[in-house]
Amino acid sequence: MLIADLTNSGAIPTLELSMRFAGQRQQLLAHNIANVSTPDFRPLDVSPDRFAQLLRDAVDDRRARTGGERGELHLRSSREIAVSQSPGGTRLTLNPRTPSGNILFHDRNNRDLERLMQANAENVAAYRVSAELLKSRYDILKAAIAERA
């Protein structure tokens, strides 16, 4: 069994993609928070629910192709998330949109600090959970390779 077979099985690919998504989304959210009082600024974001749906579809596709949880995960592109394969793995490129539903203020800024901070906190939590779960998966692999229980 090759290392690639180990790293493309189970939850490892989904956790890696989740971390990549959360990391890139964090840059968007930080940019939105930094510009919350800039006139004419419109915050940009991508839908974490849409990413979760794409990830679910990719896992279902892998199960249908391989009959289990082994094999590469083929994530499809959407309007907000462009997916490409590179030698280092799956690459995500976010194409953010302006979320609707906020009030346009007198300075033509479309801000909602409470929503921005909530999205930031949820995104950080998602990243941390993915990182901790991925670390535990790699620790299990490391122990198995070292032949320790």
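Quick notes on this structure:
- Residues within the stretch 62-80 that are part of a helix (DSSP H, G or I) and under 16 Å from residue 10 (Cβ atoms), tallied: 4
- Subset of the stretch 15-57 [outside any helix (DSSP H, G or I), open to solvent by 50 Å² or more (accessible area, probe 1.4 Å) and of a type in the set (A, V, I, L, M)]: 44
- Subset of the stretch 58-101 that is among the basic types (Lys, Arg) and open to solvent by 60 Å² or more (accessible area, probe 1.4 Å) - its residue that is modelled with the lowest pLDDT: 70
The values are calculated or read from the model by the stated rules, or taken from the named source; none is laboratory data. Everything numeric in this text was worked out from a predicted model, so none of it was measured. Note: ideal-geometry Cβ built from the backbone for every residue, glycine included; neighbour counts use all protein chains shown. Heads up: the accessible areas ignore ligands, DNA and RNA and are worked out on the full protein's heavy atoms, side chains in. Shrake-Rupley method; radii C 1.70, N 1.55, O 1.52, S 1.80 Å.
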